[in-house]
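Read through the structure below, which is laid out as structure tokens, and then see the notes.
The values are calculated or read from the model by the stated rules, or taken from the named source; none is laboratory data. Computed from a predicted model, the values in this text were never measured in an experiment. Ideal geometry is used to build each Cβ from the backbone, glycine not excepted, and the neighbour counts take in all protein chains shown.
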Amino acid sequence: MKRFLPLLFLVGLGAALAQGTEGLWAKTCAVCHGEKAQGVRPYPGLQGVGPFFATPEGRRYLVLVVLYGKKGEAGLMPGFAQLKDEELAALLNHLKALLQAKGDPFTPEEIRKGRGLNLTPDGVKRPGKP
Ligand code: HEC
């Protein structure tokens, strides 16, 4: 039994972290985009962003959207720059899992590189279809 304790601990930690991200998604993003990113009227679903996880300009766009928000035809999304790099990376990775999108997981470092640009939601532009 003793040898399994570290393993149990890791499994528990993994579950707690996953639950933490799910909880964060629920209170930060799901209000508008839904538990499964399907969208909550009048807010849009996020199915269309799947391909962005796999291209450099797409990934940059995703980082800018979560940091600075986005304004467009579907309405206004506020930015979440007040969250930590780790939290924003975890939220984008949660979205990636929901969409079963291809591409590397986001790291906190990748989020950090998008900071300090002083953008407003209407300054964040969606790249063309990858
Ligand atoms: C207050 C509602 C609201 C919340 C909360 C919100 N969003 Fe949004 N989000 C929007 C709206 C509205 C748009 C579309 C803006 C537009 O018309 O371009 C959008 C757009 C996006 C897009 C770009 C979609 C595309 O097709 O280009 C992504 C990615 C996104 N949101 C992710 C998130 C994530 C991740 C969170 C949680 C950190 C979040 N959103 C929280 C309202 C919200």
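Search the range 36-82 for residues being within 22 Å of Ala26 (Cβ to Cβ) and touching a residue at least 60 places away in the same chain (Cβ under 8 Å), and hand back the single one that is surrounded by the most Cβ atoms within 10 Å (Cβ to Cβ).
Step by step, filter the range 36-82, then rank; the result is Ala37.
Looking at Glu57, Glu22, which one is out of contact with any strand residue (DSSP E or B) (no Cβ under 7 Å at 6 or more places or on another chain) and modelled with pLDDT under 95? I'd like the intermediate steps shown before the answer.
On the way: Glu57 fails: modelled with pLDDT under 95.
The match here is Glu22.
If I ask for residues that are surrounded by 16 or more Cβ atoms within 10 Å (Cβ to Cβ), without any contact (Cβ under 8 Å) to a residue 40 or more places away in the chain and more than 10 Å from the chain's Cα centre (by Cα), which ones from the range 83-98 would you list?
Listed by number, the list holds a single entry, Asp85.
Can you tell me which residue among Ala81, Ala37 is more than 10 Å from the ligand (Cβ to nearest atom), of a type in the set (Gly, Ala, Ser) and not in a helix (DSSP H, G or I)?
Among Ala81, Ala37, only Ala81 is more than 10 Å from the ligand (Cβ to nearest atom), of a type in the set (Gly, Ala, Ser) and not in a helix (DSSP H, G or I).
Let me spell it out: the conditions are (1) more than 7 Å from the ligand (Cβ to nearest atom); (2) more than 12 Å from Lys96 (Cα to Cα), and Arg59 meets all of them except one. Which number is the exception?
So the condition that Arg59 fails would be (2).
Condition first: small (Gly, Ala, Ser), more than 11 Å from the chain's Cα centre (by Cα) and assigned to a helix (DSSP H, G or I). Can you find one or more residues in the range 54-75 that meet it?
Yes, there is a match, as at least one residue in the range 54-75 is small (Gly, Ala, Ser), more than 11 Å from the chain's Cα centre (by Cα) and assigned to a helix (DSSP H, G or I).
Hey, can you tell me all the residues within the range 21-34 that are more than 6 Å from the ligand (Cβ to nearest atom) and touching a residue at least 40 places away in the same chain (Cβ under 8 Å)?
Thr21, Glu22, Leu24, Trp25
Is it the case that Asp104 is of a type in the set (Asp, Glu) and touching a strand residue (DSSP E or B) at 6+ places or on another chain (Cβ under 9 Å)?
No, not satisfied.
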